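Okay, so here's the structure we're looking at.
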Amino acid sequence: MRRLLAAALLSAAALAQAADPAALFQQHCASCHGADRLGIMGPALLPESLERLKKPEAIKTIRDGRAATQMQGFADRLAPADIEALAGWLYTPVEPAPHWTEADTAASRVVHFAPGSLPDTPQFKADPLNLFVVVEAGNSTVSILDGDRFERLDRFPSKFALHGGPKFTPDGRYVFFASRDGWVSKYDLYNLKTVAEIRVGLNTRNVAVSADGHFVAAANTLPRTIVLMDADLKPIKTIAVANLKGDQPSRVAAIYDAGPRKSFVAALRDIPELWEISYDPKAEPIHDGYVHDFKMGEAIAKPGYLNVRRVPLEESMEDFFFDPPYRNAIGAARSGGRAQVVNLDARIKVAELPVAGMPHVGSGITWAYEGTTVLATPNLRESVISVIDLKSWREIAQIPALGPGFFLRSHSSTPYAWADAMMSPKKDTMLLIDKATLKPAGTITPAPGKTAAHVEFDRSGRHAVVSIWERETDGGALVIIDAKTLKEVKRLPADKPVGKYNVWNKTQKDEGTSH
Ligand code: DHE
């Protein structure tokens, strides 16, 4: 106890001697991260963008730098106390609060390759529909894998902290990424090139691409906006996200494409509404007064088209999932413990069901079970996989999991759903669930002691690729497993591979994958 107290006093004394962190920032960091901390070549350093970086990691990054990026280490220039003070200061809000306007968005757009300037056929020998896009968080890169040979075709630097599933155009040629600090990038998979980038905000949740491939929608938490763009990332419209009176802004929890409805649907965090934004040029006018009077570009003056239709809710949804006909959205209530089902046509709640903990519905998957379709979702709080019957809207099973987890994945041609337990002591083990019996069928521990996360299958469903979610120097890898024999086929080093996305499964919306 006395030793602890002495250490705390020492650390307090050291901090007391540290230089002013704001001045240190301007001297050493501002040229890359911006005097306003909004980012230039380096990422934004706002509390919102650092949510996923623990303070000791921030200290380590300032001290040692970040491999394979331009971030150098400052151990030779800054004393440990200065580094600690600087890291702590980065987690404090910027005063005055930063702004990001439509003009900022428009000005940030960079086109590396003009539309039509690159060949229209794949410039490599591999099945373009069986590529994997692998997001590697460790060194902020993305790898493109040939899904037959499991070899890299490209590995390129990405923006900092990509999050959410990248979204593909329906032909599988282009993929769009969102970074937590507001950048949306468009990558041409035929030519293995980033073709355009734009910064749509300061903190972004995710992007959606319309089923016709013409529109991209980005959901922001800072500022409170949804940004609609064309497929070349040219901004069309920025929608202020707020209640009808306009006096309560809201962060967006997530936005998804609802292809058969020709619309985007967004869940809002701070106001109890679900928004539907049609991209159908024949969209009906909106009658009920639940329409915000947004500034409209000349080309989009049709009523209802690219406008918001509000679905009032009793409680905000954190995240949601569509039923297969896209008539209903099912979402976990933000307070947890229950899910609500909302009919998107009638715009009313049609069912409510108790569910354990906090289901991560956005990572849910569906499959056919005993004459019905079920939705299974991992759970961020409890050791359980909830299985919900999409006909009766009842939770028909709670499959015991190895621990709380983030992801669930399967493939239409494999009997198992694979679940991680990455937030528990069993973080190194994947649970296989038998989709026919809704019972645990076995476990796989590809790297004992290391976090096993997210799974993705190749287009045939023959191989499962599991992320070992560690730095490459610490065993980080993609483990390719034969989905029938469950034997390891290959191991490819990778730097904290977060998520992997197979072009076929994503563009065909295979039942084993989420949105
Ligand atoms: Fe995610 C998808 C929300 C933290 C990695 N995550 C999603 C989606 C949502 C979401 C709404 C679906 C968006 C989409 O695909 O378009 N995630 C949240 C959170 O609210 C949460 C809990 C807290 C937060 O800070 O945002 C959160 N997510 C994380 C992580 O800590 C993860 C593990 C690491 C990271 O990179 O931040 C993480 N989330 C992912 C991944 C996907 C994802 C890899 C895509 C899964 C897929 O297979 O499509």
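The values are calculated or read from the model by the stated rules, or taken from the named source; none is laboratory data. Model, not experiment: these values are computed from the prediction. Note: ideal-geometry Cβ built from the backbone for every residue, glycine included; neighbour counts use all protein chains shown. SASA here: full protein model, heavy atoms, side chains in, ligands and nucleic acids out. Shrake-Rupley method; radii C 1.70, N 1.55, O 1.52, S 1.80 Å.
What the table shows:
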| quantity | calculated |
| --- | --- |
| Residue that is nearest to the ligand (Cβ to nearest atom), among those in the range 322-355 that are open to solvent by less than 20 Å² (accessible area, probe 1.4 Å) and under 23 Å from Val455 (Cβ atoms) | Ala332 |
| Residue in the range 455-463 that is within 23 Å of Val175 (Cα to Cα), in contact (Cβ under 8 Å) with a residue 24 or more places away in the chain, acidic (Asp, Glu) and more than 14 Å from the ligand (Cβ to nearest atom) present | yes |
| Residue that is buried (at least 19 other Cβ atoms within 10 Å of the Cβ) and either in a strand (DSSP E or B) or on the phi < 0 side of the Ramachandran plot (or both), where the choices are Ala436, Ala441, Ala453 | Ala453 |
| Candidate set from the range 44-100 (those that are in contact with a Pro (Cβ under 9 Å, 6 or more places away or on another chain) and among the aromatic types (Phe, Trp, Tyr)); member that is surrounded by the fewest Cβ atoms within 10 Å (Cβ to Cβ) | Tyr91 |
| The range 18-43 residues that are in contact (Cβ under 8 Å) with a residue 12 or more places away in the chain and within 16 Å of Gly73 (Cα to Cα), paired with ones that are buried (at least 17 other Cβ atoms within 10 Å of the Cβ) and of a type in the set (S, T, N, Q) (beta carbon under 7 Å, 6 or more apart) | Pro43/Ser49 |
| Selection count, the range 189-201, where residues are part of a strand (DSSP E or B) and under 19 Å from Lys500 (Cβ atoms) | 1 |
| Residue selected from the range 238-257 under the condition more than 16 Å from the ligand (Cβ to nearest atom) and touching a residue at least 24 places away in the same chain (Cβ under 8 Å), by the criterion surrounded by the most Cβ atoms within 10 Å (Cβ to Cβ) | Thr238 |
| Selection from the range 13-34 of residues that are modelled with pLDDT under 85 and open to solvent by 60 Å² or more (accessible area, probe 1.4 Å) | Leu15, Ala16, Gln17 |
| Residues located in the range 113-134, provided they are polar (S, T, N, Q) and either open to solvent by 50 Å² or more (accessible area, probe 1.4 Å) or assigned to a loop (DSSP other than H, G, I, E, B) (or both) | Ser117, Thr121, Gln123 |
| Qualifying residue in the range 118-132 (condition: closer than 25 Å to Ile468 by Cβ, within 16 Å of the ligand (Cβ to nearest atom) and at pLDDT 95 or above) | yes |
| Qualifying residue in the range 144-157 (condition: over 22 Å from Phe113 (Cβ atoms), more than 13 Å from the ligand (Cβ to nearest atom), hydrophobic (A, V, I, L, M, F, W, C) and buried (at least 21 other Cβ atoms within 10 Å of the Cβ)) | yes |
| Tabulated pairs, the range 360-378, first touching a residue at least 24 places away in the same chain (Cβ under 8 Å), second basic (Lys, Arg) and exposed (fewer than 15 other Cβ atoms within 10 Å of the Cβ), C-beta under 9 angstrom, 6+ apart or interchain | Thr373/Lys391 |
| Answer residue from the range 35-66, given it is modelled with pLDDT of 90 or more and of a type in the set (Val, Ile, Thr) and is nearest to the ligand (Cβ to nearest atom) among those | Thr61 |
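Here's the yes/no breakdown for (1) open to solvent by 40 Å² or more (accessible area, probe 1.4 Å); (2) within 15 Å of the ligand (Cβ to nearest atom); (3) farther than 15 Å from Lys500 by Cα:
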residue	(1), (2), (3)
Glu136	no, yes, no
Leu162	no, yes, no
Gly165	no, yes, no
Ser179	no, yes, yes
Asn203	no, yes, yes
His214	yes, no, yes
